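What follows is calculated from the coordinates using simple rules that are stated; it is not laboratory data. This one's a predicted model, so the numbers in the text were calculated from it and none came from an experiment. Neighbour counts run over all protein chains shown; Cβ positions are idealised from the backbone, glycine included.
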Amino acid sequence: MKYITITSKHHDGFAMFDSQVSDWTIVKRTPWKKDPLRMLADECHKQGIHLSFYYSQLDWHNPDYYPRGRTGEAAGRADGGDWDKYLDYQDAQLRELLTNYGEISGIWFDGWWDKPKANWRLDRTYKLIHSLQPQTLIGNNHHQAPNPGEDIQMFEKDLPGRNTAGFNEGEKIGDLPLETAETINTAWGYNFTDDHFKSTRELVQYLVRAAGANANFLLNIGPRPDGTIQPEFVEGLQQMGQWLAQYGDSIYGTRGGPVAPHPWGVTTRKANKVYVHVLEWPDSALLLPALADQVTSAYVLKDHAKVDFSKSGDGLLLKLPPRASTDFDTVVVLETAAP
């Protein structure tokens, strides 16, 4: 993993950091009385891992989050509140996060969709963030086209351009860097009854398809109540790490390749190399509708075994190597004459 996005405040309004503008925090309201974001930030900076903070714009606890959105109608709070005062509170917490924890790579907003017609003062909030840390990337999980001031476009539980989960209806792929967020089972938070764990094959192929769609892959885990990570998550992450140790060159630092994503797989590109990720084996040959006059050599990334290729019309015909049943992704490297 190259970056971490961690919850600083979720929809319940509970701050997982030492906020001075609220007493609804992990430091003030728990016997532990420690700031986990401080410890994580210090270690991320030490290890060279980029750190981003998830921050929920939706807040079920703050009395000024009013009128309540559709998810807080049964919150049991008194009617009334000052919306602008709540937004001032939100900005004050963001100022703390961007002032007290060193360099922060991103702010990952969520909850806008609870009150889509409200005046969220996004321009003011985004200006505050960029004034405090100009390099901080702003993303908002609002399932809409990006707003001015946002630096990345996010897709929840779907690859860019797809809408199998029902969140991204009508959301078009824009010109900003892309990110897709997904879970290892089906829940974002810990769910004792949710045993629908994605296999390592599914997770690796999701990562690969995201890269082929020109997107980063943000993979979520929800810790158990005692703070530990359940073994199914640990195993999946370790196995993905093992795969990346061998095939990371075809993912890290790449962009989506010259061949559009297909059911059989995707392509990624870096410098003068095109990586052909064959995920669903079609047959013993694969015809690529591009690159016919550009490729100078082809080989399997796993063992550098030579791959025969020939021009076929305007396309490139690859003779695929035998496939092992344990391979999640057969990666063929095409070297081209120029980037």
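If each residue's Cβ is checked for other Cβ atoms within 10 Å, how do TYR206, TYR54 rank with the fewest at the top?
Working: TYR206 17, TYR54 21.
Fewest to most other Cβ atoms nearby, the residues stand as TYR206, TYR54.
How much net charge surrounds THR296 when only other residues with a Cβ under 14 Å from its Cβ are counted (Lys, Arg +1; Asp, Glu -1)?
0
Got a sec to turn the phi values of the range 70-80 into Karplus ³J(HN,Hα) couplings, 6.51 cos²θ - 1.76 cosθ + 1.60 with θ = phi - 60°, whole Hz, x for Gly and Pro?
Values, residue by residue: 5, 8, x, 5, 9, 6, x, 8, 5, 6, x Hz.
Which parts of the range 201-229 would a label at TYR3 reach, counting a residue when its backbone N lies under 20 Å from a point 7 Å out along Cα-to-Cβ?
Flagged as within label range: 206-222.
Which whole-number percent gives the relative contact order of the range 256-336, counting Cα pairs below 8 Å spaced six or more residues apart?
34
Mind sorting THR7, THR30, THR71 by how few other Cβ atoms lie within 10 Å of their own Cβ, fewest first? Display every interim value, and only then the final one.
Values: THR7 22, THR30 10, THR71 14.
Exposure proxy ranking, most exposed first: THR30, THR71, THR7.
What is the calculated FRET efficiency for ARG77 to ILE173, with r their C-beta to C-beta distance and R₀ = 45 Å, to the nearest 0.05?
So the FRET efficiency works out to roughly 0.70.
Under a point spin-label approximation (7 Å from Cα along Cα-to-Cβ), what is the LYS306-ALA337 distance to one decimal in nm?
Label-label distance for LYS306 and ALA337, simple model: 2.1 nm.
Count charges around PHE197 for me, please; just the other residues with Cβ under 13 Å from its Cβ, Lys/Arg as +1, Asp/Glu as -1.
So the surrounding residues net to -4.
Identify the residues of the range 173-204 with backbone N under 19 Å of a label point that sits 7 angstrom from the Cα of GLN242 along the Cα-to-Cβ direction, or state none.
Within reach of a label on GLN242: 197-204.
For an R0 of 22 angstrom, estimate the FRET efficiency from the Cβ-Cβ distance between THR228 and LYS33 and round to the nearest 0.05.
0.65
Under the definition of Cα pairs under 8 Å and six or more residues apart, what whole-number percent is the relative contact order of the chain?
That works out to 9 percent.
So between SER284 and ASN191, what do we pick up on full extension, going 0.36 nm a residue minus the alpha carbon distance?
Values: separation 93, 0.36 × 93 = 33.48 nm, distance 4.27 nm.
Computed gain between SER284 and ASN191 is 29.2 nm.
For the range 256-336, with equal point scatterers placed on the C-alpha atoms only and solvent neglected, what are the log10 I(q)/I(0) values from the Debye formula at q = 0.17, 0.20 1/Å, to two decimals?
So the normalised log intensities are -0.59, -0.84.
Given the options TRP108, TRP264, TRP60, state which has the largest fluctuation in a GNM of the chain using a 10 Å cut-off (strictly under) for Cα springs.
TRP264
With each run of n ≥ 4 DSSP H residues scored as -39500 (n - 2.57), what mean residue ellipticity at 222 nm is computed for the chain after dividing by its residue count and rounding to the nearest 500 deg cm²/dmol?
The helix contribution divided over the chain gives -6500 deg cm²/dmol.
I need PHE192, PHE217 ordered by Cβ neighbour count within 10 Å, fewest first. Before the final figure, lay out each step's value.
Numbers: PHE192 9, PHE217 20.
Least crowded to most crowded, the residues run PHE192, PHE217.
Under the Kirkwood approximation applied to all pairs of distinct alpha-carbon atoms, what is the hydrodynamic radius of the chain in Å?
Values: mean 1/r = 0.0452 Å⁻¹.
Every distinct Cα pair counted, the radius reaches 22.1 Å.
Can you give the local net charge around GLY81? Use residues other than it whose beta-carbon is closer than 15 angstrom to its beta-carbon, Lys and Arg +1, Asp and Glu -1.
-4
How about LYS115: which lysines have a C-alpha closer than 28 Å to its C-alpha, ignoring those fewer than 8 places off in the same chain?
LYS9, LYS85, LYS127, LYS157, LYS172
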